[in-house]
Amino acid sequence: MTENTTEIFGVGKQKVLEDFTPNKRYITELIVAISLGLLGLLIVSFGFAAAVISDSIKTGEFVSNFLLATYIILGVEIPIYIISVIFVFPYYNSITYALTTQEIIVNKGFLVKRTKIVPYRNITNFVMRRGILDRLIGGENFGTIQVETAGQGPQQSHPEQRLVGLMNVSGYAEKLRGILSKMKGQAAISADTETASSLDEEELLIQILKTLKEISSKL
């Protein structure tokens, strides 16, 4: 790798080995995840509405009440969905990664810009994760690198940063492994490959669902 001195937001000039961004397929993945989250929220909302107005079956007002509930649900959740999809694009454009001679630098956030710095010396492990949506949208070599650093205990580690939406994720993992091997020695760092199950997507959708519920409750 060649070193280039680059100005990095929130950090200043750094000797950068490589800077890169998520692949554009990550936009599709985010939109699909949000859409699935909306679908789940709609199912829950309509089920709850049907249960609440079920007593109106006896009075013959169930259909009219259900239509009213439908207008309310769609009137709240569809605008939230549209806004969420619109926000995907500036959020995607805000994400940048840089591998410098000493650390990993991640910039993200379009409303509040955040810079996360992970020194190589603190990294204990990194995991390649390729979930169901990753494989469906980007193929077998599209995924995330999860960087782990030392925790409070001598043998503990915790996720420090995630490099998401990487095409040729195995290639980036090899680059990172090479950098860490030079700095810490081959035995000092381990790397795992994890083909994630649907649990990863379920966790993501649960978070999206919670966020949509919080927003809708404030409207």
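The values are calculated or read from the model by the stated rules, or taken from the named source; none is laboratory data. All values reported here derive from a predicted model rather than from experimental measurement. Note that we place each Cβ from the backbone using ideal geometry, even for glycine, and neighbour counts take in every protein chain shown.
Answer with yes or no whether Tyr172 is of a type in the set (Ser, Thr, Tyr) and either touching an Asp or Glu at 6+ places or on another chain (Cβ under 9 Å) or over 20 Å from Thr28 (Cα atoms) (or both). Taking the combined requirement at face value, the residue satisfies it.
Taking the range 91-131 as the region of interest, how many residues are among the basic types (Lys, Arg) and closer than 22 Å to Arg25 by Cα? Talk me through it step by step, then tell me what you get.
So in the range 91-131, the residues among the basic types (Lys, Arg) come out as 108, 113-114, 116, 121, 129-130.
Within this subset, residues satisfying the condition of being closer than 22 Å to Arg25 by Cα are 108, 129-130.
Summing the residues that are among the basic types (Lys, Arg) and closer than 22 Å to Arg25 by Cα in the range 91-131 gives 3.
Considering only residues that are assigned to a helix (DSSP H, G or I) and over 17 Å from the mean Cα position of the chain (by Cα), look in the range 93-123 and name the one that is surrounded by the fewest Cβ atoms within 10 Å (Cβ to Cβ).
Arg121
Set side by side, the residues Pro22, Pro90 differ, and just one is modelled with pLDDT of 90 or more and surrounded by fewer than 13 Cβ atoms within 10 Å (Cβ to Cβ), which is Pro90.
Cβ separations smaller than 8 Å between residues 6+ apart or across chains give the following pairs from the range 63-77 residues that are farther than 11 Å from Ile53 by Cα to residues that are part of a helix (DSSP H, G or I) and at pLDDT 90 or above: Ile73/Leu42; Glu77/Leu38; Glu77/Leu41; Glu77/Leu42. So, Val85, is that one in a strand (DSSP E or B), among the aliphatic types (A, V, I, L, M), at pLDDT 90 or above and out of contact with any Asp or Glu (no Cβ under 9 Å at 6 or more places or on another chain) or not? Answer is no for this residue.
Identify all residues within the range 27-66 that are in contact with an Asp or Glu (Cβ under 9 Å, 6 or more places away or on another chain) and either assigned to a helix (DSSP H, G or I) or closer than 23 Å to Thr144 by Cβ (or both); write none if there are none. Selection gives Glu29, Ala33, Leu36, Leu38, Leu41, Leu42, Ser45, Phe62. Count of the range 90-113 residues, restricted to those that are touching a residue at least 24 places away in the same chain (Cβ under 8 Å), aromatic (Phe, Trp, Tyr) and in contact with a helix residue (DSSP H, G or I) (Cβ under 7 Å, 6 or more places away or on another chain), is 1.
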